[in-house]
C-alpha cells in the first residue's frame, strides 16, 4: 500500500531502442505497483503503434493506449499514440496536437512538464534509450518542482544520447539499469517522503552546462 507522501505518477520517455528498455522496465514492475505510469516513445506520426500490446504482454500491469479525458488510474500504464502529445491534467490525461517539440509529436518534454506541474514532489520521471535530448528540459522541471528524476545507465541503453543529455544537464537522483530503476520506483511508490530522501542520497551533479545549451534534434523511431 502506498504511503500518502509517496510518488503517484511515473513518466517514462524513450526514443530509438526504447521498446527494448520500456519492455524490460515494465516487465519488472509488480502487479500491485500503486502509481500510475505514463509512456512516451517517439513514433512516426503517420504510423500505427503496437507498443501498448507489447508492454501489456511483457508484465503484470494493465496497459492501454491513452485516451483524451480518461482518468488517471493507479497501477495502470497509459501509452501515447502516434501524432499527439500525452500530458497530465489534474486527475485526467490529455492528448493534444500542439507543435512538435525537438521534432517529435509525441515528445517526452510535454509529458514530463505536465507531471511536474500537477504532481510536484509526487512525480518521478525517467529518460530511457534514445538519440538526441528530448526529456532533458522536462527532467529539469520535475526537479524544480520537487520530483525525482532518473536516466537509464548509458552503458545499458541501446542508444545513449538521451540518457547522456540528461546526465549532462540535470542533477539526477540516479543513473541506473532497468532492474535498479524498477526496484527504486517500487520503493518510491510505496515509501514515505523520509524513506525516499534517505534511499536516494545526494543527487548526481550535472556537468556545468546551461540548460540553454541543450541541443535541438529531430530523430524518430517506430514501434
So the FRET efficiency between residue 180 and residue 32, C-beta based with R0 = 22 Å and rounded to 0.05, is 0.65
Given 5 Å bins starting at zero, what is the percent of C-alpha pairs of the stretch 19-93 in each, up to the one with the largest pair distance?
3, 17, 29, 25, 18, 7, 1, 0
Using the 2.2 N^0.38 Å rule of thumb for compact globular proteins, work out how the stretch 36-150 stacks up: its C-alpha Rg over that value, please.
0.98
FRET efficiency for residue 45 and residue 67, using Cβ-Cβ distance with R0 set to 25 Å, rounded to 0.05:
0.90
Taking every pair of alpha-carbon atoms in the stretch 9-200, what share in percent sits in each 5 Å bin, from 0 to the bin with the longest distance?
1, 9, 19, 24, 24, 16, 6, 1, 0, 0
Can you tell me the length gained on complete extension of the stretch residue 97 to residue 5, counting 0.36 nm per residue apart and subtracting the Cα distance?
29.8 nm
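Values in this text are rule-based calculations from the coordinates and carry no lab data. Just so it is clear, the model here is predicted, and its values are computed rather than measured. Note that we place each Cβ from the backbone using ideal geometry, even for glycine, and neighbour counts take in every protein chain shown.
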